[in-house]
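Following: one structure in structure tokens, then a few remarks.
Read-outs throughout are calculated quantities, based only on the coordinates presented, and are distinct from any laboratory measurement. Model, not experiment: these values are computed from the prediction. Every residue, glycine as well, gets a Cβ built from its backbone with ideal geometry; the counts of neighbours run over all protein chains shown.
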Ligand SMILES: [Zn+2]
């Protein structure tokens, strides 16, 4: 993937992630991470947020 498009994809992923983190930043049960994984030869950016206080689990993966 070309750098410009990849940067836009990553920015989108990070933006969604940060929105969730902001929403639950007062919660004790907040956990989340953004990782890059390789599966079947493809690279994925995976963002996840989990809040045990609110029973929320969000995950999004995008090809990068
Ligand atoms: Zn919460």
Residues satisfying the stated conditions in the stretch 16-36, i.e. in contact with a strand residue (DSSP E or B) (Cβ under 7 Å, 6 or more places away or on another chain) and without any contact (Cβ under 8 Å) to a residue 24 or more places away in the chain
30, 31, 32, 33, 34, 35
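I need the full set of residues from the stretch 34-57 which are within 16 Å of the ligand (Cβ to nearest atom) and under 8 Å from the mean Cα position of the chain (by Cα), in order please. Can you show your working first?
Filtering the stretch 34-57 for residues within 16 Å of the ligand (Cβ to nearest atom) gives 48-57.
Matches in the stretch 34-57: 48, 49.
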